[in-house]
Structures are given as C-alpha cells and as structure tokens.
C-alpha cells in the first residue's frame, strides 16, 4: 500500500511550528467550547470558519479539526465532574464517570476517559490510513434498511440493562421515543405532537433534555443532603495520573471491542452517540461481575469513551471520501472545504493528496496534542470541585441556563430545562432508569425515518430487511442480542436441573 | 443605475459613511437568521453575504448569524415572523419561505414576512448512477414507465422542491416515479452513488464530488437553456455540456430555487430599501461571482415589485401541484 | 402533596402521582398521533403510526406501575422525601425558578448576576460585598465569552438597552 508513504508526505506538509501552534490553539478553544454545554463543536467551528478563509486550506482544516477534537474531550470533562454531558456522545460517560468522581476519584476518572479516548481516536485514524478506500466502498453499501438494522443493533445491545423494574424501563424508553417524534416528521413533512404550540415545532432538543435530566436533576439530588457536594474531595497527585495510565492495559479487551464498535458506527451514519451507548451496553452485559456498573466501574468509562472517539474520527472518512458529513460539525467543515475551493468527495484523494494526507497526519498529531493538553488540565478541573457548593452549584445552574438558551435562542428551552430537571430528580428517586429515555431520544426518530424510507424503497414490503447479506446479518445479530438474556435464562434453568445442587453456581463465576 | 458602478466606486461609497440618501441605517447588531442547519446551502449563502458585507464594510452595524433550521426551516421563519416590526432580523431561505405555510400547518403565513430580495437561483439536474445505461432523459422515462412504480428518486425533505419536481416529471411524462425523502441533498447523493435509488434531482453543487468520481452522472438540466459555466469540472465534461431536459425528453422548462432574504412584516419601506441596496452591492462583488461559480448557481438579483411578482407566480404554480397531490395543509 | 405534613411525601403517593402523569402523557401522545394520521398506508406507516403505539405502551406501562405500586409499594411504605429535605431542596429549587422568571424580563445577564449574588449571600452566607461582585463577575465573564468571543448572544433586557448594548 502506498498509503504509508503518502502519510509520511502528509507529515512533511504539516510539521511546522506554525501548524503545531494552530493545533494547540484549536484544541484549547475546543476544550472551552466542549466544557460549556450550549456552545458545542458545531458552534465553535462555525465561528472560526471565517478566520480560515485567508489561510492555506491545510492550515484551516488543522485549526477546525483540532477544535473538534478538543470539544470532544471537553464534553467528557463535564460529564464526569458535574454529570452534565457537554455533547450528546458523552452521555454514556456519565453513568460510571460521575459516580467515580463522586467517590473521590475525579482524577482517575478523567485520566481514564482522556487516555482511552485518545486510544480510540488514534485507532480511528489508523483505520483511515490503512483501509480508507475499502471502508468508503463499504459505507456506500449502506442504505435505509441497513441504517435501520444498525440502529436496531444499538438498541438491542443496550436494552436489557437495568431490568429491575421492567415497566418503569418501558415507560422511560417510550417517553424518549415520544419526545423524539415531536416536531416536523421528515418523511411526510407534516408537524406532529406539537399540539399547536409554536415553540414545539422545532422539536425538543436532546441537549435540553440531558442538561435538565442529568445536570439539574443531579444538583437537586445533591441538595437534599444540604447545600454541599457529597463526598467529592479531589486530591490531585501527578502520580495518580500515572498510576491510572498503567491501569489501562487491564481493560485491553474492552478497548478493542469498543474500537471495533466505534469504527463500525462511525462509518455508518449511526455516529458517536450510538457507538458510546452500544459499547457501554455490551461492556456491562459481558462483564462477569456486573455489580459495580453504574457505581464507578472503570470499564464503564473506558468503553463509551473509546467508542465515542474512534467513531468521531472515523466519521470524517465519509466526509472526505463520499462528501457526506457524518455529524453537524463535519457539515460545517465541509462548508469550509467548499469555500477554500475544494470539492469533498472521492476525487479529493486523487486531486489533492497533499490536503487529505496532511489532514490525516494532523489527526494523529492533533489527538496526541489534545490528550497531553487535556491531561495537563486534570489538576485544574479537579480543583474546581474544592470550590464550596454554594458557589459552584449556582454557577453550574447559570452555565446550564445560558447553554439552554443558546441551543436555539429560546427562553422556552430554559423553562424546559427546569421541567426536565424536576423530572430527572423524581425519576431517579423512584428508580425509573434515565438511560433508555436518552437513548430512545437520540436514535428514535432516526430509526423511524430509516424504517419508513425502507418502506418507501420497497413499496411497503417488510422483506427488505432480509433482502441482502449485509442487512440480514445486522438484523440477525440484533435479534440475537435482544433474545440473549431470555436464552441465557432458559439455558440456565435447564443446566440447573441437570447439575447437582451443590454445584449450582454460575459456571462463569471465578472460583477465587 | 448601480449595475455599472465599478468595484472601486462601491468601496468609496461604502467608506463614505454608507449611503446618505437613505434614512435608515442600523445602529445595532443585525441578526441573520439561517433557516437551515450549519453547513447547508442556505448557511453558506448567508455566511458568504456576511463575509462580503464585512470585507467591503457595506454596513456599519455588526452581523450575527444564528442557525434555526428545524422543521424544514419553519423554526427560523416563525422566529422572524413573530418579531413583527423588528428592523434588525433578516431571514435567509429559499422558496420554502412561502411554500411551508401552504403545505404544512406552521404557525405563520407568507404575509407575516416582508420580501427583501432574491440573490441567486440554484438549478436542478436529473442525475442517475454512474453505471446506468441511460443515454438521454427519454431513455430514463421509458425505463420508469416500464418499471411501474419501482424506480425511486431520492431527494432532500418531504413535499419540498425535490418532491415537487419529481411530481412534475411524473405529470409531464406519465411515468410513476416513487420519491424517498432524506434529510439533505448530500444523503440523497450517496444513496444514488451506492445504487440504492434510480435517480435524484440534486442541485449541481450537491452532486459534484460524486460526478467527478464517476459514481453519478447528469442526464439533463431543468432549464430552458444550457448552463453557462463551460470550465471542465468532471473529466472532459463541463456544466455547459449537460443537455436541457425539454430537448432530451422531459418537457419541463425552467425549474429553479431562488435564494431569498426576508424581513418580518410591519417594517418601513426605507428599511426594506436599505437592506435591498446592501444586498444589491453584495451581488456585484467579485467574491459573489466566485461563490456563484463555485456552487454552480445562476446570478438572479430581484427586489421590490419584480421579486413580489415572482413570488406570486411561483406560489400559484406550486400550489397547483400541491393541490393535485393532495398536500395542501388546509 | 403536603398531606403528610412535616413527615413529607410518602413514596406510595409519589409513585401513583408520577404513574398517573405519565399515563396522561401517553393519552396525549395517542391523541396527537391520531391527528397526524396513525394508519399504515400502502407506502408504509403514516406520521402518527409509531407515536400512536408508543402512546399506548406508555399508558400500559403506567397502569402496570400503578398496579405494582398498589400491590407492593403500599406494604413497603417508605418516604419519598421528608420535611427537612423538602426545605433543603426547595431552598435550591425556588431561587432557580426565580432565576428563570427574572431572566424572562431582565435578560440572562442581569438574571445571572442577581441569582449568583443571591445564592451566595443567602445560601452560602457570604457577605454581600463578596456575593455581589461575584455575581457581576460571572455575568461579565459570560458576556466576554459568549457575546464577544463566540458571538452567540444571550437574551438581553432593558438594563443592557439602557447602556446601549443590544
């Protein structure tokens, strides 16, 4: 493969002092944008876009893409420290990241997240370097039925979690679907579930829901015990960062599986959010000892972070190779390409190899710069937690409110955040799981669109979901995952009958 | 008679504290409401204008761009319409500004908006997969008739320009093409490149990348004459090589999508004139010409009565199609 | 809600209340779905097809939750929140709601400054000469980052207009 040679040429293009400086500026701004929940990567990139018009295209894309990496890292930070996902894709990180930070291990949680995110991102870039052509062709085979199968797969791998209260899980998930379908329906172009309220025609933003459910809801829970943070005492030692890095090899299998999921979801339009949920779901289901999940299990941080970032980087490949943006941020970057006079699409690799391979080389360097910068900020973040709650609590509320307003310049959203906050608080206290609601809200309308597009493509025949090898395989794996708990149960029952009562232990359980 | 004014004169005029003849001059930030998501065609349209205004200093007040693209752009139009009499909010869109209230129950009507100007017209081309053996539009139509309802066209949005055009093709040729709506023209382009649908009717810029790679190819352009740009964009082919649809088998003359700018209702005429004048100057800059060439759109500045007449005519002709398909909201 | 007086709210009452509310939402979703068309057309499901069944499932789940609450939770007893905690949560929640309300009239910058100052002074027992400048500092920081830095403005009100900032 000539790709490696091209990559080294790419490094040749970008290894200048000016470019490394641009990377650092981009990453730093990105972290800031990612930490403030309302801003987000698309906003930041749009803002920097005019600055890049006078630059060389390669310098411009380095600045913009590094801002994107920074924002992805920043999003995980607030998930872990305050239970507020800065980006939709870092919701799954809150499940174990926040409990771990709350238990006094904020530095460990942050370091785990950042390093595994960096590994995931690098894996994504390696994939782009080695097999970009093949992967782009693979992505072309995806049409609506395949999209639906991928979404189905994501649901199936996550759905059996927390089945202690099945009807509460059902209500929570269905509420998520209902919220996702408010607004204009893509397929018919009609409004639905808006009840003639003008504020509802734009739909209910996912970010508003998570800022309320997780952010405000958690603050209310915290204040029950008085106006202070319960138990977060972050002591920062550099040695702790180092120790955590050494801890990572133990989770190598989780990392490998998450990379695989991330790349698959990144090159299909399911994207980083689906990847992080699916990876978390599989990690907690396949673990021998599940008891610690949701309470600060390190694998619960490593799995979603690795998958999120490997999906985030892989998602740039469809943009470059096919001209389809994989995310809102990629869409803005594509706008940039056009303004610089480049046409995103398959010919970009042929006509401007210097640009494409320069970008790919910068993805290696940019992510390494991002990991180093972000780890350097761990002590800073951890020290935020030592600020008394009576100051940091209201500041978090102010950040959430301003973020909620910025999502679409609407005060209604601020009130919605308050409502979602109350809902999150009550649901949490009554043991309604929030994760199914969030997952349904992210993927619900996409899955529905894909299903109905498939029906239009096949003129209403359901057999389209078994019409070729790819879609059949995806659907089969999904069904298997969905039915796995039931199958295990049946097998477990029959095994118990067969074996002697004194050996009636889970064969998977470690005898030690 | 500003059409003949050179770029240098514009610069001088702009530096000489704008145009003293006009009473209105914004003294606070002007909000550009983009009725589409970041990165889409309308977004690039608005941001290009923003950068040109900034570069030539055509307006003293700063410009803030906000994206309000939910519900097919209705979010942004409702936001603008509810700011009745606000001199500092401009909505950027296409003909969806007046089509949305006809086809969906959105809480505004076209009377809630004041038309300012249209700056460009985006063209429509019939594209098929690169490996398809159709030579002309007539071949394609014949195949579509043969296949009954099994040939599908992918497009962006539902009951919007793409689906209306598909309906017009069916009406004009007697074919029975099915339509599958996607979220954007980019998605429709990839569906065609992957061979999952038979055709799409994307704007030139939406399919250029795939055309260059030979994954899709143009069949005909929905215009009464060929496109003018004869630079070689895809191998040996240029935009000007694409035959018109009426010559090659689909009797549809001109179908295009204007890129439009709107104020809320209830603003004074001198406010409308001020912005129309600024946009006129924008449309005369070399940067604007470059934007049009890069995105293969046609220059088509309209304002005042001319624009109002155009809207009325377009509204009427499209309403007829919507009525025939049973898509009217009321 | 306050039927239990100082003892707070029982978990049973809350379970029933929430399940009833979700059931009502489910009915609303079904109603909205039928308005959008809940059938299966020759071209696949209509706009309201999936939402209709989603609504039905919400109602079904809610009814099951009510039944479970009646059969199990009542026996278990349990307190959702006691009087002391209600006070604690309310002392955080009410200023937060007031913050949203004040921001509707005065804009988010003024609202933020007032809220931070109020919360620090009354909840944190900081002296007013620490609390007020802190509130102003946070609002000023927001102004610098959002308004100047990222050009994504927050809601402004009459106070900013008075200073000539729009």
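Checking the structure you have, find out if any residue of segment B:308-315 is touching a helix residue (DSSP H, G or I) at 6+ places or on another chain (Cβ under 6 Å) and not assigned by TED's automatic domain parsing to the domain that holds residue B:83.
no
Based on this model, can you work out whether residue B:192 counts as touching a residue at least 12 places away in the same chain (Cβ under 8 Å), more than 19 Å from residue A:345 (Cα to Cα) and either surrounded by fewer than 22 Cβ atoms within 10 Å (Cβ to Cβ) or within 12 Å of chain A (Cβ to nearest Cβ) (or both)?
Judged against the criteria, residue B:192 is not a match.
Evaluate the following for residue B:149: is it within 7 Å of chain A (Cβ to nearest Cβ) and either surrounded by fewer than 24 Cβ atoms within 10 Å (Cβ to Cβ) or part of a strand (DSSP E or B) (or both)?
So residue B:149 fits the description; yes.
Does residue B:275 satisfy being assigned to a helix (DSSP H, G or I), closer than 30 Å to residue A:321 by Cα and in contact (Cβ under 8 Å) with a residue 40 or more places away in the chain?
no
Go through segment B:102-146 and give me each residue that's over 30 Å from residue B:214 (Cα atoms) and part of a helix (DSSP H, G or I).
Listed by number, the residues that qualify are B:102, B:103, B:110, B:111, B:112.
Being surrounded by fewer than 23 Cβ atoms within 10 Å (Cβ to Cβ), more than 9 Å from chain A (Cβ to nearest Cβ) and within 28 Å of residue A:407 (Cβ to Cβ) is the requirement here; does residue B:116 meet it?
no
In this structure, does residue A:62 turn out to be more than 14 Å from chain B (Cβ to nearest Cβ), in contact with a helix residue (DSSP H, G or I) (Cβ under 8 Å, 6 or more places away or on another chain) and buried (at least 24 other Cβ atoms within 10 Å of the Cβ)?
The answer is yes for residue A:62.
So that you can scan it fast, the table gives a plain yes or no per residue for (1) closer than 19 Å to residue B:262 by Cβ; (2) in contact with a helix residue (DSSP H, G or I) (Cβ under 8 Å, 6 or more places away or on another chain); (3) modelled with pLDDT under 85:
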{"residue": "B:19", "(1), (2), (3)": "no, yes, yes"}
{"residue": "B:29", "(1), (2), (3)": "yes, no, no"}
{"residue": "B:33", "(1), (2), (3)": "yes, yes, no"}
{"residue": "B:46", "(1), (2), (3)": "yes, no, no"}
{"residue": "B:59", "(1), (2), (3)": "yes, yes, no"}
{"residue": "B:62", "(1), (2), (3)": "no, no, no"}
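For segment C:28-39, how many residues are in contact with a helix residue (DSSP H, G or I) (Cβ under 6 Å, 6 or more places away or on another chain) and either more than 7 Å from chain A (Cβ to nearest Cβ) or free of Cβ contacts under 8 Å to residues at least 24 places away in the same chain (or both)?
Residues in segment C:28-39 being in contact with a helix residue (DSSP H, G or I) (Cβ under 6 Å, 6 or more places away or on another chain) and either more than 7 Å from chain A (Cβ to nearest Cβ) or free of Cβ contacts under 8 Å to residues at least 24 places away in the same chain (or both): 3 in total.
Among the listed residues A:457, A:419, which satisfies the condition of being modelled with pLDDT of 90 or more and within 25 Å of the chain's Cα centre (by Cα)?
Result of the check over A:457, A:419: A:419.
Quick one: which residue in B:38, B:104 is modelled with pLDDT of 85 or more and within 14 Å of chain A (Cβ to nearest Cβ)?
Unique residue meeting the criteria: B:104.
Taking into account only those residues within segment A:31-56 that are free of Cβ contacts under 8 Å to residues at least 60 places away in the same chain and more than 13 Å from chain B (Cβ to nearest Cβ), which is nearest to residue A:130 (Cα to Cα)? Reasoning before the result, please.
Initially, segment A:31-56 is screened for residues free of Cβ contacts under 8 Å to residues at least 60 places away in the same chain, giving A:32-35, A:44, A:47-48, A:50-51, A:54-56.
Now restrict to residues that are more than 13 Å from chain B (Cβ to nearest Cβ): A:32-35, A:55-56.
Details: A:32: 32, A:33: 31, A:34: 30, A:35: 33, A:55: 29, A:56: 26 Å.
Among them, the one singled out is A:56.
Which of the following residues is within 14 Å of chain C (Cβ to nearest Cβ) and either out of contact with any helix residue (DSSP H, G or I) (no Cβ under 7 Å at 6 or more places or on another chain) or free of Cβ contacts under 8 Å to residues at least 60 places away in the same chain (or both): A:379, A:394?
Result of the check over A:379, A:394: A:394.
Report, by residue number, each residue of segment B:208-248 that is within 14 Å of chain A (Cβ to nearest Cβ) and assigned to a helix (DSSP H, G or I).
B:208, B:209, B:210, B:211, B:212, B:239
Kindly evaluate residue C:98 against the criterion of being modelled with pLDDT of 90 or more, more than 9 Å from every other protein chain (Cβ to nearest Cβ), more than 30 Å from residue C:14 (Cβ to Cβ) and surrounded by fewer than 19 Cβ atoms within 10 Å (Cβ to Cβ).
Here the answer is no, as residue C:98 does not meet what is asked.
Checking the structure you have, find out if any residue of segment A:4-11 is over 30 Å from residue A:107 (Cβ atoms), touching a helix residue (DSSP H, G or I) at 6+ places or on another chain (Cβ under 7 Å) and not in a helix (DSSP H, G or I).
Within segment A:4-11, none of the residues are over 30 Å from residue A:107 (Cβ atoms), touching a helix residue (DSSP H, G or I) at 6+ places or on another chain (Cβ under 7 Å) and not in a helix (DSSP H, G or I).
Assess whether residue B:84 counts as being assigned by TED's automatic domain parsing to the domain that holds residue B:304, in contact with a strand residue (DSSP E or B) (Cβ under 7 Å, 6 or more places away or on another chain) and more than 21 Å from residue B:36 (Cβ to Cβ).
Criteria met by residue B:84.
Go through the residues of segment C:40-54 one by one and say whether even a single one is within 9 Å of another protein chain (Cβ to nearest Cβ), touching a residue at least 40 places away in the same chain (Cβ under 8 Å), within 30 Å of residue A:451 (Cβ to Cβ) and crowded, with 16+ Cβ neighbours inside 10 Å.
no
Do we find that residue A:369 is touching a helix residue (DSSP H, G or I) at 6+ places or on another chain (Cβ under 8 Å), assigned to a helix (DSSP H, G or I) and within 14 Å of chain C (Cβ to nearest Cβ) in this structure?
No: the conditions fail for residue A:369.
Would you check if residue A:358 is closer than 30 Å to residue B:212 by Cα and either in a helix (DSSP H, G or I) or out of contact with any strand residue (DSSP E or B) (no Cβ under 6 Å at 6 or more places or on another chain) (or both)?
Yes, satisfied.
Go through segment C:66-83 and report how many residues are touching a residue at least 60 places away in the same chain (Cβ under 8 Å) and within 10 Å of another protein chain (Cβ to nearest Cβ).
4
From A:333, A:338, A:319, A:363, which residue is without any contact (Cβ under 8 Å) to a residue 12 or more places away in the chain, part of a helix (DSSP H, G or I) and out of contact with any strand residue (DSSP E or B) (no Cβ under 7 Å at 6 or more places or on another chain)?
One residue alone meets the criteria, A:338.
I'm told residue B:99 meets every condition in (1) within 14 Å of chain A (Cβ to nearest Cβ); (2) within 18 Å of the chain's Cα centre (by Cα); (3) not in a helix (DSSP H, G or I) except one. Can you identify the failing condition by its number?
Result: residue B:99 passes all but (3).
Could you please let me know if residue B:91 is assigned to a helix (DSSP H, G or I), closer than 22 Å to residue B:157 by Cβ and assigned by TED's automatic domain parsing to the domain that holds residue B:283?
The answer is no for residue B:91.
Considering each of A:118, A:133, A:104 in turn, give the residue that is at positive phi, surrounded by fewer than 24 Cβ atoms within 10 Å (Cβ to Cβ) and out of contact with any strand residue (DSSP E or B) (no Cβ under 9 Å at 6 or more places or on another chain).
Step by step, each of A:118, A:133, A:104 is checked, and only A:104 is at positive phi, surrounded by fewer than 24 Cβ atoms within 10 Å (Cβ to Cβ) and out of contact with any strand residue (DSSP E or B) (no Cβ under 9 Å at 6 or more places or on another chain).
Taking residue A:382, is it at pLDDT below 80 and assigned to a helix (DSSP H, G or I)?
Considered against the rule, which asks whether it is at pLDDT below 80 and assigned to a helix (DSSP H, G or I), residue A:382 comes out as yes.
The values are calculated or read from the model by the stated rules, or taken from the named source; none is laboratory data. Because the structure is a prediction, the values reported are computed rather than measured. For neighbour counting, all protein chains shown are included, and Cβ atoms are generated from backbone atoms with ideal geometry for every residue, glycine included.
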